[in-house]
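Participant: The structure follows.
The values are calculated or read from the model by the stated rules, or taken from the named source; none is laboratory data. Keep in mind that this is a model prediction, so the values were computed, not measured. Counting neighbours? That spans all protein chains shown, and the Cβs are built from the backbone with ideal geometry, glycine included. Quick note on the areas: whole protein, heavy atoms, side chains included, nothing else; ligands and nucleic acids left out. Shrake-Rupley method; radii C 1.70, N 1.55, O 1.52, S 1.80 Å.
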Amino acid sequence: MAEKDDYLVDILVDLGFVSPEKVAELRREATEASVGVVDLMVANKVVRPADVTQAKAAHFGAEVVSLSEVKIEDDVISSIPRNIARKYRVIPVFKHENSITVAIADPSDLTTIDSLTHLLHVDIDVRVASEPDIEAALTKYYAERGGGGGTVDPRMKEVIEDLTREHVEVSGSAMEDGAVVEADAPLIKLVNSIIAEAFKMRASDIHLEPLSKVFRMRYRIDGVLHELKAPPKRLQAAVISRLKIQSNMSISEHRIPQDGRIQTAVGKKLIDLRVSCLPTNHGESIVMRILDKEGLRLGLPELGFFTDDQQTFEKLIGLPDGILLVTGPTGSGKTTTLYSCLHFINRPDRKIITVEDPVEYLLSGINQVQVAEAVGLTFSFALRSILRQAPNVIMIGEIRDLETASIAINASLTGHLVFSTLHTNDAPSAVTRLIDIGVKPFLVASSTRALMAQRLVRKVCKQCAAPSVPTEAELRTLGMDAGSLQGANFQKGKGCSNCSNTGYRGRFGIFEIFVIDDEARKLIYEKVSSSVLRARAREMGMRTLREDGIRKVQAGLTTPDEVIRATVGDAE
């Protein structure tokens with residue numbers, strides 16, 4: 001970090017933004033705190049972010065651009081697709097016949113400039129903008145970057161007020177036959193606003209829960225539920241009926257759970273929602289899972305692997321046969337990990353077939369089968385059929401029973417690479433789980449190549465991250481000592497508009513990878529307990545979930561609180 005900062009520090013001094021004496025003082029503090037000198041200058045308000053931007057631009061002979069003062073036309077914004085702008089953190093400013101002028105925070109990042117040249121097939125001219133400026137522009141021009149806030153979109157409030165002025169009286173019985181209420185148009189706007197606001201705030205789920213006196217609405221953002229101002233209780237039946245109609249459920253059925261899907265447009269983006277309806281004491285509870293197909297990041301680095309684990313994982317998923325199991329509770333990112341594996345190995349010379357319930361994301365070049373138990377298309381029935389399709393790679397959404405497990409193992413023993421998931425707390429427990437459902441130990445031992453457990457933790461918000469020192473209680477809980485502070489870069493978000501004042505934005509994984517060797521196969525064959533297997537895995541150098549989390553805390557990617565919360569059962 002210090003070497004990277006040297007040229008900037010010299011330019012800041014030359015431009016008169018900071019004195020050499022102050023720099024010498026700050027260098028000592030930065031060394032002691034293991035942070036960058038420039039970062040410390042900005043944190044202590046010795047220099048402004050705008051001064052740093054100007055210094056970067058001066059060094060590379062580039063112009064500074066203030067994105068907040070520039071009106072960027074829609075055709076210019078569309079010249080760089082949303083996923084590329086998001087990945088490389090750039091904003092197109094001007095567009096010419098064979099070139100695009102982009103704003104970038106770090107003009108020394110030649111890799112990004114080179115990648116843009118090849119991806120867009122145009123020449124790239126560089127302007128320099130501050131990181132906050134670029135983040136604000138991404139939020140403004142690319143819909144999915146909306147940071148959101150803790151309140152409801154004003155448009156939603158207006159719709160609720162319109163419905164209130166209409167004095168709409170809606171009861172459960174009034175909607176049972178699907179009759180259109182008087183304020184149908186405002187009601188449709190209200191439901192659309194609920195979905196649009198959730199998408200803008202980067203929510204993964206929308207929860208609409210009928211309670212005794214309120215109709216509660218919550219959004220799950222980065223794995224944590226946030227309660228928002230909800231529609232009036234008397235609109236409960238109308239809102240639920242509208243959602244049931246949209247998702248092709250029976251609105252006259254209130255006694256049994258139902259599932260459906262909604263496809264709707266938010267701005268210019270088309271998103272899918274997986275809808276679940278569950279009868280409760282005070283009405284039907286609706287949960288909608290937002291599936292943003294374009295926003296799915298399928299690269300292995302995006303999952304949260306450090307380089308050593310990524311190399312191990314890439315080697316495993318490149319094997320010609322065997323089973324690779326990903327374990328963890330619901331919502332721990334297992335499906336996204338499997339999709340990333342398939343994306344990584346998807347080549348024209350490989351045939352890949354998946355069996356899923358449901359198919360959450362459509363993957364180009366991969367044959368995906370949707371389980372439909374109502375017509376007899378179960379996991380096991382689908383697996384027997386797809387083996388006749390001569391695939392190289394098979395992904396099974398989840399191993400739930402002996403029949404599915406047996407077919408998957410037989411497939412792995414006949415030259416197929418099989419990916420699947422199990423619901424267990426750690427990696428070694430997956431072996432015990434397979435044996436418990438009836439799979440013979442020698443089959444588990446001979447077919448299983450590796451087991452990986454994972455959890456999701458929230459990322460520290462880049463916009464408001466600041467150096468932090470863990471408390472003694474946190475260090476003690478994580479099993480860290482004072483020596484762990486040496487060379488570590490502990491960070492914590494202060495809270496800003498970018499992260500809805502939470503200090504976190506986005507999530508990534510922490511992992512434990514158990515590669516099965518000959519000694520482990522012998523133990524599996526002998527049907528030992530999961531604790532014995534875990535001890536063997538630790539002897540082989542397997543890092544536990546908590547240990548991997550500690551590495552990422554020390555790197556400043558997340559906080560001790562997050563790792564403790566995600567690995568509460570992982571302490572040894």
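Participant: Evaluate the following for Ile564: is it in contact (Cβ under 8 Å) with a residue 40 or more places away in the chain and within 24 Å of Leu316 (Cβ to Cβ)?
Facilitator: For Ile564, the condition - in contact (Cβ under 8 Å) with a residue 40 or more places away in the chain and within 24 Å of Leu316 (Cβ to Cβ) - is not met.
Participant: Scan segment 446-480 for residues that are out of contact with any helix residue (DSSP H, G or I) (no Cβ under 7 Å at 6 or more places or on another chain) and either at positive phi or in a loop (DSSP other than H, G, I, E, B) (or both) and report the count.
Facilitator: 5
Participant: When you check Leu291 against the structure, is it hydrophobic (A, V, I, L, M, F, W, C), open to solvent by 20 Å² or more (accessible area, probe 1.4 Å) and over 20 Å from Ala374 (Cα atoms), yes or no?
Facilitator: So Leu291 fails the test.
Participant: Go through the residues of segment 291-300 one by one and say whether even a single one is modelled with pLDDT of 90 or more and either among the charged types (D, E, K, R) or part of a helix (DSSP H, G or I) (or both).
Facilitator: no
Participant: If you scan segment 413-422, which residues turn out to be buried (at least 22 other Cβ atoms within 10 Å of the Cβ) and not in a strand (DSSP E or B)?
Facilitator: Of everything in segment 413-422, nothing turns out to be buried (at least 22 other Cβ atoms within 10 Å of the Cβ) and not in a strand (DSSP E or B).
Participant: Restricting to helices (runs of 4 or more DSSP H) lying wholly in segment 40-140: which have 2 or more residues that are over 30 Å from Gly16 (Cα atoms) and of a type in the set (A, V, I, L, M, F, W, C)?
Facilitator: 74-77, 82-88, 110-120
Participant: Inside segment 510-549, can you point out the residues that are in contact with a Ser or Thr (Cβ under 7 Å, 6 or more places away or on another chain), in a strand (DSSP E or B) and open to solvent by less than 20 Å² (accessible area, probe 1.4 Å)?
Facilitator: Glu512
Participant: Say we look at segment 252-265 and pick out the residues that are in contact (Cβ under 8 Å) with a residue 60 or more places away in the chain and among the polar types (S, T, N, Q); which of these is most open to solvent (accessible area, probe 1.4 Å)?
Facilitator: Per the criteria, the residue is Ser252.
Participant: Return the residue satisfying two criteria in turn: it lies in segment 490-501 and is open to solvent by less than 50 Å² (accessible area, probe 1.4 Å) and of a type in the set (S, T, N, Q), and of such residues it is farthest from Glu29 (Cα to Cα). Don't jump to the end; show me each part of the working.
Facilitator: Keep residues of segment 490-501 that are open to solvent by less than 50 Å² (accessible area, probe 1.4 Å), which gives 490-491, 493, 495-496, 498-500.
Then drop every residue that is not of a type in the set (S, T, N, Q), which leaves 491, 498, 500.
Numbers: Gln491: 16, Asn498: 28, Ser500: 31 Å.
Applying the filter and picking the extreme gives Ser500.
Participant: Considering only segment 349-371, how many residues are modelled with pLDDT of 85 or more and at negative phi?
Facilitator: The qualifying residues number 14.
Participant: Continuing with this model, one more query. Please verify whether Val35 is open to solvent by 10 Å² or more (accessible area, probe 1.4 Å) and at pLDDT 75 or above, treating the condition exactly as stated.
Facilitator: no
Participant: Looking at segment 435-487, which of the residues that are without any contact (Cβ under 8 Å) to a residue 60 or more places away in the chain and under 30 Å from Gly415 (Cβ atoms) is least open to solvent (accessible area, probe 1.4 Å)?
Facilitator: Across segment 435-487, the extreme among qualifying residues is Val439.
Participant: If you check Thr312 against the conditions, is it open to solvent by less than 40 Å² (accessible area, probe 1.4 Å) and of a type in the set (Ser, Thr, Tyr)?
Facilitator: Spelling it out, it is not the case that Thr312 is open to solvent by less than 40 Å² (accessible area, probe 1.4 Å) and of a type in the set (Ser, Thr, Tyr).
Participant: A follow-up question, please. Need at least 1 residues that are surrounded by 21 or more Cβ atoms within 10 Å (Cβ to Cβ) and free of Cβ contacts under 8 Å to residues at least 40 places away in the same chain per element, so show me which strands (runs of 3 or more DSSP E) inside segment 183-251 make the cut, counting only ones lying wholly within it.
Facilitator: So the answer is 215-221.
Participant: OK, next. Looking only at segment 396-412, filter to residues that are in a loop (DSSP other than H, G, I, E, B) and surrounded by fewer than 21 Cβ atoms within 10 Å (Cβ to Cβ); which one of those is nearest to the chain's Cα centre (by Cα)? Let's see the steps before the verdict.
Facilitator: At the first step, the residues of segment 396-412 found to be in a loop (DSSP other than H, G, I, E, B) are 397-401.
Those left that are additionally surrounded by fewer than 21 Cβ atoms within 10 Å (Cβ to Cβ): 398, 400-401.
Working: Glu398: 20, Arg400: 25, Asp401: 29 Å.
Per the criteria, the residue is Glu398.
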